[in-house]
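The values are calculated or read from the model by the stated rules, or taken from the named source; none is laboratory data. In this text the structure is predicted, and so the values were computed from the model without any measurement. So basically every Cβ, Gly included, is an ideal-geometry build from the backbone, and we count neighbours across all protein chains shown. When the accessible area is computed, the model is the full protein with side chains, heavy atoms only, and any ligands, DNA or RNA have been set aside. Shrake-Rupley method; radii C 1.70, N 1.55, O 1.52, S 1.80 Å.
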Amino acid sequence: TTAISYSASGLTQSSTYYFHIRSVCAAGTFSAWSTISLTTLATPPVNDNCGTATVLVPGATFATSPQIATNVGATNSAPTPAPTCGIFAGGDVWYTVTVPASGNITIETQANGASPVNDTQFTVYSGSCGTFTQVACDDEGGIGSFSLVALTGRPAGEILYVHAYVYNNSQTGTYQISAYDASLSAASFDKSNFVAYPNPVKDVLNLSYKTAISNVRIVNLLGQEVLNTKTNTNDV
């Protein structure tokens with residue numbers, strides 16, 4: 001280039017690059033080369049902040065609907081009140097979960113394959129972004145140095161925020177996070193008497209069950225909640 005600046009695009013995040021530069025002093029005459037390295041920044045996760053929290057869909061067990069959490073590129077959202085367990089030093093991501101009809105919900109983290117992350121923590125908040133009340137905070141309550149919080153007696157339909165991070169932000173990678181309640185097991189729900197149509201659906205989805213349906217939540221394939229409404233009828 002003959003310009004005094006250059007814009008490089010299409011680089012890979014979290015990667016080291018080297019650029020070499022020299023001056024054209026005159027036609028055919030150049031200065032010595034200088035070499036400088038740089039490391040590109042990582043793109044923050046989608047749920048890097050409270051306002052873009054990812055929805056956890058409660059299942060009957062941890063394995064029902066776990067999500068893969070990552071702290072690669074995650075920043076420090078500095079929640080208030082600050083976590084009260086372990087050591088929080090940034091690199092946090094956010095989730096929400098709606099308390100099921102039983103009032104009980106368990107939130108847990110576990111390892112994800114060969115990822116180096118093996119020591120997580122998380123804080124559970126009620127309220128809304130910026131006006132939180134801490135409900136629970138856990139460090140090493142789960143398997144090994146992973147975390148687990150089992151809540152009981154919460155209001156059905158309450159939305160809780162889960163603020164997840166790695167101990168002292170000392171490891172970078174992925175881990176699993178899941179919310180579950182044993183009362184949601186197949187044994188307590190008769191699938192043969194549940195009807196949902198049409199499938200695929202365009203505008204109107206019809207639901208029918210042998211007993212009253214108390215609440216309907218619809219979550220898209222990205223884990224985003226698009227509908228949450230209370231009902232009290234067999235046909236919705």
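Just how many % of Cα pairs in the range 53-101 lie over 13 Å apart, if you round to the nearest whole percent?
Values: 792 of 1176 pairs.
Tail of P(r) above 13 Å: 67 percent of Cα pairs.
What is the antiparallel percent of DSSP beta bridges lying wholly in the chain, to the nearest 5? Please report the intermediate quantities before stating the final value.
Values: 51 of 56 bridges.
In the chain, DSSP labels about 90 percent of beta bridges as antiparallel.
Based on the Cβ-Cβ distance from THR12 to ALA101, what FRET efficiency comes out when R0 is 35 Å, to the nearest 0.05? Before the final figure, lay out each step's value.
Working: r = 46 Å, r/R0 = 1.32.
E between THR12 and ALA101, to the nearest 0.05, is 0.15.
Roughly speaking, to the nearest percent, how much of the range 90-236's 1.4 Å accessible area is carbon and sulfur?
On the way: 3820 of 7360 Å².
Carbon-and-sulfur percentage of accessible area, whole number: 52.
So for each of 10-22, 163-175, 130-142 I average, over its residues, the number of other beta carbons within 10 Å; can you give me the resulting order with the highest mean first? Could you put the intermediate results ahead of the total?
Working: 10-22: 9.5, 163-175: 19.6, 130-142: 16.5.
Peptide ranking by packing, descending: 163-175, 130-142, 10-22.
Excluding same-chain residues fewer than 8 positions from LYS210, which lysines have a Cα within less than 20 Å of its Cα?
Those lysines meeting the cut-off are LYS191, LYS230.
Can you give me the Cα centroid spacing of the range 64-105 and the range 5-46 in angstrom?
After rounding, the separation between the Cα centres reads 37 Å.
Taking R0 as 22 Å, what's the FRET efficiency between ILE159 and VAL46 from their Cβ-Cβ distance, rounded to 0.05? Working shown, then result.
Numbers: r = 18 Å, r/R0 = 0.83.
With R0 = 22 Å, the Cβ-Cβ based efficiency is 0.75.
Taking every DSSP beta bridge that has both residues in the range 29-154, what percent is antiparallel when rounded to the nearest 5?
The answer is about 75 percent antiparallel.
What distance in nm separates the simple spin-label points at LEU38 and ASN206, each placed 7 Å from Cα in the Cβ direction?
Between LEU38 and ASN206, the simple spin-label model gives 6.0 nm.
Given 0.36 nm per residue, what is the gain on full extension from ASN169 to ALA26 after removing their alpha carbon distance, in nm? Mind dumping the intermediate values first?
Numbers: separation 143, 0.36 × 143 = 51.48 nm, distance 5.10 nm.
The span from ASN169 to ALA26 would gain 46.4 nm if fully extended.
Considering the Cα positions of the chain, please state its Rg to one decimal place and its Dmax as a whole number of Å.
For the chain, the Cα-based Rg and Dmax read 23.9, 87 Å.
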